[in-house]
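The values are calculated or read from the model by the stated rules, or taken from the named source; none is laboratory data. Keep in mind the model is a prediction, meaning the values are calculated, not measured. No Cβ is skipped: glycine too gets one built from the backbone with ideal geometry, and neighbour counts run over all protein chains shown. When the accessible area is computed, the model is the full protein with side chains, heavy atoms only, and any ligands, DNA or RNA have been set aside. Shrake-Rupley method; radii C 1.70, N 1.55, O 1.52, S 1.80 Å.
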Amino acid sequence: MALHYRSFGFQVLAGMVVGLLLGLVARQIGAGPDGDLNWLATTLKTVGSIFVSLLKAIVPPLVFAAIVASIANLRALDNAARLAGQTLLWFAITALIAVAIGIAIGVIVQPGAGLHGTTLAMGKSDSMGGWLDFLKGLVPGNSLALSGSTKITDGSASTSISFNILQLLVISIAVGLATLKVGDKAEPFLAFVRSLLAVVRALLGWVIRLTPIGSAALIGTAIATYGWSALAQLGTFTAAIYLGLALVLLVVYPTLLIANGLKPGAFFAKAWPAIQLGFVSRSSVGTLPVTEAVTERLGVDKGYAAFAIPLASTTKMDGCASIYPALAAIFVAGFYGIPLHFIDYVLIVFVSVIGSAATAGLTGAIVMLTLTLSTLGLPLEGVGLLLAIDPILDMGRTAVNVAGQVLVGVIVAKREGILDEAAYYGAGDPTGEQALT
């Protein structure tokens, strides 16, 4: 089917092209009168920030309602414990394959070798992660998973309050398990949670409709801010990341589908709207409703999809938690001239498979990277080397994350006999319109 100008997919694609052109124009205009961003770059950054802020505002109630409702939905499933176990097992299997590919590419390409002593743009990460920090971060400091931070700039202090998504995930899982324990007495509460989820999804649907504008602004900002210089400095690393992502998305996933008796073409035809939205939004959680919708349209049992996809959107990260930290760790080690040994690669695998919840479905994978570097004893300053190109990398990472989330739901449903293959091979949704309804 030819793309129509009214289709959501065409609008997003057009927004990306417009953003690329506007970013190049802003780059050509140059800096503003005070050496800061010019008017076009400032406008793009503002619009992009508003779009991301809208997504972030909806994330906390969406995570809570989706996780609680998904766990409660286990009561309606036959063999719920087996389904949950198979889901987690396939999370681990695909993560293991992805991190193995990341390590293999890193060992062959050695993206950081020979760069030590060169001048690279150094950023500063506000998010750090070590195993003790990660474990302490699991324990909520309050029932709302709120955390505050204070920054002092030019002698003035500013305090901001935000949700700790990892802690919110823990709270949501605990509440969901408690509803299973309480049984029928929890029905009034679950009715409220399901109503909240429906309302939040409606709100998120409105925000998603702004994706063409948001994608134009976000891509334009990346181009206007970094141009091609950052990519040129870290070109080998960027190419290695996208090679790994392409291998997982276009080779590993189709192979797993074929191994389970399913044709990849039908999968990608229906999963495309969620993959595309993940690419431009850079948020697995923000893409959750579309991801769940395309999973159901692939024939996955609705009750199982309601459990697997919300859980996957916060913990299943083949791009952010497997390929990226493996390659990034090898890059940092090569940049600083630190040799890695067999045990180091084993640790990378362990962190990637076990610690992926640290990414928590939000944009960026800085916490996961610092967790990996601290486990290997590598310089955490290496994080700053990669921040300049992180938005560019995060688009591809999130697209693979979302594809993997749909994939696991489909494979488990197929293996457990709850996949409607007639729906799987039915007409696709190349415009993405059905997934938004």
- Flagged pairs (Cβ under 7 angstrom, 6 or more apart or on separate chains; first in the range 203-231, part of a helix (DSSP H, G or I); second among the polar types (S, T, N, Q) and at pLDDT 75 or above) are 211/281; 212/11; 231/238
- Query: Is it the case that some residue within the range 177-184 is touching a Pro at 6+ places or on another chain (Cβ under 8 Å) and polar (S, T, N, Q)?
  - Reply: no
- Task: Could you please tell me which pairs satisfy a Cβ distance under 7 Å, a separation of 6+ or placement on different chains, a first residue in the range 175-196 that is over 13 Å from residue 71 (Cβ atoms), and a second residue that is in a helix (DSSP H, G or I)?
- Result: 196/61; 196/65
- Item | Subset of the range 407-437 (residues that are within 23 Å of residue 210 (Cβ to Cβ), part of a helix (DSSP H, G or I) and either open to solvent by less than 30 Å² (accessible area, probe 1.4 Å) or at pLDDT 85 or above (or both)) | 435
- Message: Quick check on my filter: what residues within the range 61-77 are open to solvent by 10 Å² or more (accessible area, probe 1.4 Å), at pLDDT below 80 and either in a loop (DSSP other than H, G, I, E, B) or not charged (D, E, K, R) (or both)?
- Response: 73, 74, 76, 77
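Can you pull out the helices (runs of 4 or more DSSP H) entirely within the range 281-362 that have at least 2 residues that are at pLDDT 85 or above and open to solvent by 10 Å² or more (accessible area, probe 1.4 Å)?
Details: elements: 288-297, 302-315, 324-335, 342-354.
Helices (runs of 4 or more DSSP H) meeting the threshold: 288-297, 342-354.
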